[in-house]
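Reviewing the structure listed below.
The values are calculated or read from the model by the stated rules, or taken from the named source; none is laboratory data. Quick caveat, the model's predicted, so the values are computed rather than measured. Note that we place each Cβ from the backbone using ideal geometry, even for glycine, and neighbour counts take in every protein chain shown. These accessible areas exclude ligands, DNA and RNA; they are computed on the full protein's heavy atoms, side chains included. Shrake-Rupley method; radii C 1.70, N 1.55, O 1.52, S 1.80 Å.
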Amino acid sequence: MANNSRRDFLRTTVAATAGTLVVSPAMAGLVAKRAPFEISLAEWSFHKALFANEMTNLDFPRVARELGIGGVEYVNQFFKDKARDNNYLAELKKICKNEGVTSVLIMCDGEGMMGHPEKEERIKTVENHKKWIDAAKFLGCHSIRVNAGSKGGFEEQQKLAADGLRMLCEYGDTRKINVIVENHGGLSSNGEWLAGVMKMVDHKRVGTLPDFGNFIINRQTGEEFDRYRGVELLMPYAKGVSAKSNNFDEQGNETRSDYYRLMKIVKDSGYKGWVGIEYEGSELPEKEGVIATKRLLEKVFVSLG
C-alpha cells in the first residue's frame, strides 16, 4: 500500500507541475535573468507526504526538480539512521547529480540541547551533531541548521548556547561546513537574543537562517517578536533564508508575511545565497503550496530587479 501511495503521489506531483508551471521560454528566461536569488526547497514542505510514506527522502530531489527548483534543504528526521550510511548517502548524492539539484543544507533536530546548562550535555550535543556535519560535507551542502535551545535567564541562555555553538563550529571548520541557527521557538525566536548569540560565538562558521514565520517566542501566551525587525537583526549573520509560507490571498500574496518588504530587507543586507521555500499551510495541498510560494517569490524577485 505504501509503495502504491508513493507512486500515486509522485505521479500527481508531476501532473500538477505540468498543469501549473507552464511558462513561455521568454518569460522563464526573464525571471531567471532578473532573479537576485536562487530558490531552494525545504523538505519540511512535504512532511505530510513523507510521514505518510507517499514519498521518501530519496524522492525529494526528484520532486524538487519536477517543481522547477534546483536546491534542496534536507530534514534529518527523514533519514535519521542514515547519517553514517555511506551507501545511502552516495545514492542520494547520485540522484541529486542526475537531477541537477544542489544539496544546500541539512536541518538537524532531536540531537540534544545546544545550550544545555550542564557542560557534559552540551559536549554530548556537539558530538551528536558531528555526524551530520560529516554527512553535509559528503553531500556537498554548505551548512547544517541546528537549534539553540537552553534554560535559564536571557543572558545566561545566550552564553550557554554560544558555548555549544562555538564548540560545534570548531569541528565544522575542519570540514568547511557552517553551523547556522534558525529562529525556531523560545528565545531563539527573539531576534535580539539570537543576534547577541552570534556576536558571542564570533566564529566564521556560525550564522543564522532567518525564517519569515518563526518569531513566536511563547505559543501559550502568544508572545511574538516583530518578524520584520527580526529579519533585519538576523540578516547580517545569515547564511540562508527560509521563506516560510502558510496561506495566500486571491492575489497570490502570503497572508501573514509581506514578502515584498521581507525580501527587500534580505536584498538590502547584501545577502547573495539561497532562499528556501518552506510551506506549512493547510488550505492548499503541499505541492500546490510550494508552487504558490515559488510563484510569489519569482514575482517579488522581478519587482526587486
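Odds and ends about this structure:
- Fraction of alpha-carbon pairs over 33 Å apart in the chain - percent: 22 percent
- Distant-in-sequence amide H partners of Ser242 (H built 1.01 Å from N, under 5 Å): Asp211, Phe212, Gly276
- Taking all protein chains as shown and a probe of 1.4 angstrom, Leu284 keeps an accessible surface of around 60 Å².
- Estimated from helical segments only, the mean residue ellipticity of the chain at 222 nm is -15000 deg cm²/dmol, where each DSSP H run of four or more residues counts as -39500 (n - 2.57).
- Paramagnetic reach from Arg261 in region 211-232 [backbone N under 17 Å; point 7 Å along Cα→Cβ]: 211-216, 224-232
- Between the alpha-carbon centres of region 38-62 and region 149-209 there is a gap of 27 Å.
- Cα convex hull of region 141-282, projected area averaged across orientations, nm²: 8.9 nm²
- Charged-residue dipole, Cβ positions (Lys, Arg, Asp, Glu), the chain about Cα centre, Debye nearest 20: 1040 debye
- The apolar share of the surface of the chain, taken as the fraction of accessible area on carbon and sulfur atoms (1.4 Å probe, ligands and nucleic acids excluded), comes to 48 percent.
- Accessible area in the full protein assembly, largest first, 1.4 Å probe, for His184, His142, His129: His184, His142, His129
- At the residue level, Met167 shows approximately 50 square angstrom of accessible surface with a 1.4 angstrom probe and all protein chains present.
- For region 108-116, putting each phi into the Karplus relation 6.51 cos²θ - 1.76 cosθ + 1.60 with θ = phi - 60° gives couplings of 10, 10, x, 10, x, 9, 4, x, 4 Hz, in residue order, rounded to whole numbers and with x for Gly and Pro.
- Based on alpha-carbon atoms, the Kirkwood radius and the radius of gyration of region 37-131 give Rg/Rh equal to 1.03.
- Rounded to whole Hz, the Karplus (6.51, -1.76, 1.60) HN-Hα couplings of region 87-100, x for glycine and proline: 5, 5, 4, 5, 5, 4, 5, 5, 4, 4, 5, 5, 8, x
- If you sort Lys151, Lys244, Lys97, Lys137 by accessible surface, 1.4 Å probe, largest first, the order is Lys97, Lys151, Lys137, Lys244.
- Radius of gyration and Dmax over the Cα atoms of region 226-295, both given in Å: 12.4, 34
- Cα convex hull of region 206-251 - mean projected area over all directions, nm²: 4.3 nm²
- Rolling a 1.4 Å probe across the protein heavy atoms gives region 206-257 an accessible surface of 45 Å² per residue.
- Region 166-173 - phi-based ³J(HN,Hα) in whole Hz, Karplus 6.51/-1.76/1.60, Gly and Pro as x: 5, 4, 6, 5, 5, 6, x, 5
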